[in-house]
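**Student:** Just dropping this structure here.
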Amino acid sequence: MHCIVLIPYIKYILTAETLFRVHSPFAYNFLNIITKDRRIPEFDAIEGLRSQMLQEKRIINFIDYGARQGIYSIPLKSVASRSLKKPKYSRLLYRIVKYLSPESIIEFGTSLGISTCYMYLASETKTLTTVEGCSEIAEIAAKNFKTKGCDKIHLINKTFDEAIQQDFGNPQAVDLVFIDGNHTKEATIRYFEYFVSKHHNNSVFMFDDIHWSKGMEEAWLYIRSHQSVTTTIDLFQLGIVFFKKELSKQNFIIRY
């Protein structure tokens, strides 16, 4: 584990509650379903794709528009090793999407498309739009989607800010948003503010790596304190945000 993340992780371990300490019926029911890990046969094909990406030795020009801005000529397997979610968290995303059954999903940070495929599999081919800034990575992701039959995914090859300027066809509301890229405080808050202007009572936002840096922790504190947000769930790797007005203002830190 990166040394910058070690101290927040220790703090998380010391403060995180188990499911059985959650007294909110809504949060308990949600967590009781999404934290029960299980494999289904359909996962095997996606995991085969992960294995393939982790063995790819070819060199690509990787453009990082986020916290480590720059252009790097590196093996594809290095990108896969650094950016792909562990299977545990990919399956978590699957269960969240399956439970919520959103009509539309917007993902910021396609990478090689592994997590995207998991969400697509759970979404039963409803609308899934994913955004990736690096053109070579976006091209590989598009091929991966086609290979695995995820052909209804709408992949946008733009930076996140360019995608916002395009406004996704000006949607009136968003159902599920997953922010998984550009892990800086300013960018994370900027994306949150854009999407929160389009949220509805049942919208759910998810933020990856909320403890990755001091800036990301500050962004998470800003988000969970926002007047529109009611309940949040901190799983360390992932922060989940609810806007349901019928819920009380609570932040659950849950061991996962």
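The values are calculated or read from the model by the stated rules, or taken from the named source; none is laboratory data. Computed from a predicted structure; not experimentally measured. Note that each Cβ is placed from the backbone with ideal geometry, even for glycine, and that neighbours are counted across all protein chains shown.
**Student:** Considering only residues that are touching a Phe, Trp or Tyr at 6+ places or on another chain (Cβ under 6 Å) and either assigned to a helix (DSSP H, G or I) or among the basic types (Lys, Arg) (or both), which ones fall in segment 104-121?
**Tutor:** Tyr118
Residue by residue, here is whether (1) more than 17 Å from the chain's Cα centre (by Cα); (2) surrounded by fewer than 17 Cβ atoms within 10 Å (Cβ to Cβ); (3) at pLDDT 95 or above; (4) among the small types (Gly, Ala, Ser) holds:
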site: Cys150; (1), (2), (3), (4): yes, no, no, no
site: Ile179; (1), (2), (3), (4): no, no, yes, no
site: Phe192; (1), (2), (3), (4): no, no, yes, no
site: Asp208; (1), (2), (3), (4): no, no, yes, no
site: Glu218; (1), (2), (3), (4): yes, yes, yes, no
site: His226; (1), (2), (3), (4): yes, yes, yes, no
site: Ile233; (1), (2), (3), (4): no, no, yes, no
site: Ser248; (1), (2), (3), (4): yes, yes, no, yes
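**Student:** Tally time: how many residues in segment 146-180 are part of a helix (DSSP H, G or I) and in contact with a helix residue (DSSP H, G or I) (Cβ under 8 Å, 6 or more places away or on another chain)?
**Tutor:** 4
**Student:** Name the residue that is nearest to Gln69 (Cα to Cα), counting only residues in segment 125-146 that are surrounded by 15 or more Cβ atoms within 10 Å (Cβ to Cβ) and hydroxyl-bearing (Ser, Thr, Tyr).
**Tutor:** Thr130
**Student:** Of the conditions (1) touching a strand residue (DSSP E or B) at 6+ places or on another chain (Cβ under 6 Å); (2) touching a residue at least 12 places away in the same chain (Cβ under 8 Å); (3) not charged (D, E, K, R), Tyr72 clears all except one; give me its number.
**Tutor:** (2)
**Student:** Check whether at least one residue in segment 73-80 is polar (S, T, N, Q) and buried (at least 16 other Cβ atoms within 10 Å of the Cβ), and report yes or no.
**Tutor:** Of segment 73-80, the ones polar (S, T, N, Q) are 73, 78.
Keeping just the survivors that are buried (at least 16 other Cβ atoms within 10 Å of the Cβ) gives 78.
Within segment 73-80, one or more residues are polar (S, T, N, Q) and buried (at least 16 other Cβ atoms within 10 Å of the Cβ).
**Student:** Please list, ordered by first then second residue, the pairs with beta carbon atoms under 7 Å, 6 or more apart or interchain, first in segment 113-138 and on the phi > 0 side of the Ramachandran plot, second part of a loop (DSSP other than H, G, I, E, B).
**Tutor:** Thr125/Lys152
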